[in-house]
1. Using a 7 Å offset from the Cα along the Cα-to-Cβ direction at both I276 and L462, what is the distance between the two label points in nm, to one decimal?
2. Label points 7 Å out from Cα along the Cβ direction at R105 and F82: separation in nm?
3. Find how much the distance from S336 to I453 grows on full extension, using 0.36 nm per residue of separation minus their present alpha carbon separation; answer in nm with one decimal.
4. Cα-based Rg of the range 111-154 per 2.2 N^0.38 Å, rounded to two decimals?
5. When all C-alpha to C-alpha distances in the range 103-197 are sorted into bins of 5 Å, what percent of pairs does each bin hold, rounded to whole numbers?
6. Once the Cβ-Cβ distance between T40 and R322 is put in as r, and R0 is 41 Å, what FRET efficiency do you end up with, to the nearest 0.05?
7. Give me a comma-separated list of calculated 3J(HN,Hα) values for the range 339-350, in order, Karplus coefficients 6.51, -1.76, 1.60 applied at θ = phi - 60°, integers in Hz, x for any Gly or Pro.
8. If neighbour count is taken as other Cβ atoms inside 10 Å, put K418, K292 in order from fewest to most.
Amino acid sequence: MNLYGANWSRRDFLSGSGSGIGALALATMLLDSSRPALGTHFKPRAKSVIHLFMHGGPSHMDLFDPKPALTRHAGQPLPESFGPVLTRRNVGHNTLLRPVRPFRRRGESGLEISDFYPHLAECADDLCLLRGCHGDSVNHPQSVYQMNTGSVLMGRPSLGSWLAYGLGTENNNMPAYAVLPDPEGAPKGGPPAWGSAFLPAKYQGTLMRAGAEPILNLKPHESISRREQRAALDLIRQINQHHLERRDFDSDLEARVSAYELAFRMQTEAPVVVDIAGETQATRRLYGIGEKDTDDFGRRCLLARRMVERGVRFVQLYSGGRVGWDAHSNVEKNHSLLCRRTDRPIAGLLRDLRDRGLFDDTLVIWGGEFGRMPMNEQGVGRDHNPWGYTVWLSGGGVKGGISHGATDEIGLRAVDGKVHIRDLHATILHLLGIRQEELSFSQNGREERFTEIVGKVVQEILA
């Protein structure tokens with residue numbers, strides 16, 4: 001009898017014999033889903049990445065890129081020497097807006113950081129500020145896609161998916177790529193920002209959250225024993241294998257098969273990862289857990305540390321829901337709230353990584369999809385600016401206490417040490433031991449790469 005209870009024909013028998021071999025291969029693959037497709041090309045400086053995505057576009061000249069000229073010329077129109085500014089709005093009549101809060105020199109390095117981030121400022125000597133970053137779109141969805149996938153167009157695999165594909169995970173019971181969204185909503189652009197596109201679907205980001213149920217519907221009903229669940233999954237795997245072979249091993253179906261197995265293994269591991277009951281009160285205070293403004297982001301930062309500690313390759317945290325850091329009408333009000341939510345947790349994360357010996361192996365990235373304009377919008381707000389802004393890196397093989405690159409005197413455009421998003425991506429891959437030209441996937445007869453246009457590794461920031 002076949003898997004469905006019907007009698008097999010001679011043809012079914014021969015086909016089924018082949019299926020048995022395929023099933024063995026599939027079972028082996030599923031038992032070792034952490035196996036990398038490519039592996040590193042040279043000795044990496046970092047093993048894992050925590051990406052702190054400030055969705056909406058934080059204002060670089062109000063946080064990490066001091067511009068005294070904005071204070072001197074506040075209230076004046078944009079000088080003609082800066083050329084036309086192309087945005088979706090008519091900003092030609094809008095005047096220059098002074099930095100909202102003062103900057104101060106911090107740490108032994110003397111890096112200038114705004115009073116918006118007092119706790120993070122204490123970690124100045126661990127920060128590498130890339131002040132000359134720039135991208136290609138003034139709109140949120142396209143810029144979110146570019147920061148995550150390298151392309152302004154939807155439909156490319158995300159960086160986390162490429163790393164899951166190329167490097168795998170160091171923990172077979174956890175996904176290689178985890179996403180911790182803001183509870184106020186998904187970023188503009190939505191799930192394609194952490195999708196796998198044409199890579200096998202099993203490499204897309206796995207959504208997780210704080211609390212007793214990190215993944216919804218992960219736990220079986222209490223009446224089902226683990227042995228019964230294992231038997232049911234074995235039967236499902238056999239049926240799916242039979243189904244797979246008749247559909248030329250479809251990627252989406254294969255991913256679903258892998259997801260069953262990973263979910264089964266995660267039932268033990270994931271609750272342990274998200275259970276912070278064993279963390280000390282000192283650690284909780286470090287992240288701001290238990291305080292109204294910092295509790296949520298603090299918990300997610302702590303989860304990120306616990307994940308990389310257990311071998312998760314890439315963890316992405318979002319700050320800001322559908323609006324986030326998009327301070328069109330009031331920079332002070334918007335950034336005060338979001339900096340208050342993220343300041344202590346991020347500083348706590350950097351200190352905790354160092355205290356636990358994880359700092360050198362973990363690359364922390366902070367930034368949004370773009371920066372903001374030096375001119376005012378609606379009086380005390382700022383519009384989008386993809387032509388010059390700041391992203392900072394920490395740990396994972398980069399120098400601390402330095403700034404690289406610069407925007408012009410009012411923060412409008414990157415002018416020195418320019419780092420396009422593809423250069424940022426190339427540098428991240430390099431720190432993880434990957435040559436960007438060799439991280440590829442064959443799709444429709446073409447070798448696709450994460451960096452379609454080869455980026456320049458920013459050698460000056462490497463430790």
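1. About 3.6 nm separates the two model spin labels.
2. 2.7
3. Between S336 and I453, full extension yields 38.4 nm more.
4. Against the empirical 2.2 N^0.38 Å value, I get 1.57 for the range 111-154.
5. 3, 12, 15, 13, 14, 18, 15, 9, 2, 0
6. Computed FRET efficiency for T40 and R322 comes out at 0.65.
7. 5, 4, 6, 10, 4, 5, x, 5, 4, x, 4, 4
8. Ranked by crowding around the Cβ, least crowded first: K292, K418.
Every read-out reported here was derived from the displayed coordinates using simple, explicitly stated rules and does not represent laboratory data. It should be emphasised that the depicted structure is a prediction, and the values quoted were computed from it without experimental measurement. As a convention, Cβ positions derive from the backbone with ideal geometry for all residues, glycine included, and neighbour counts pool all protein chains shown.
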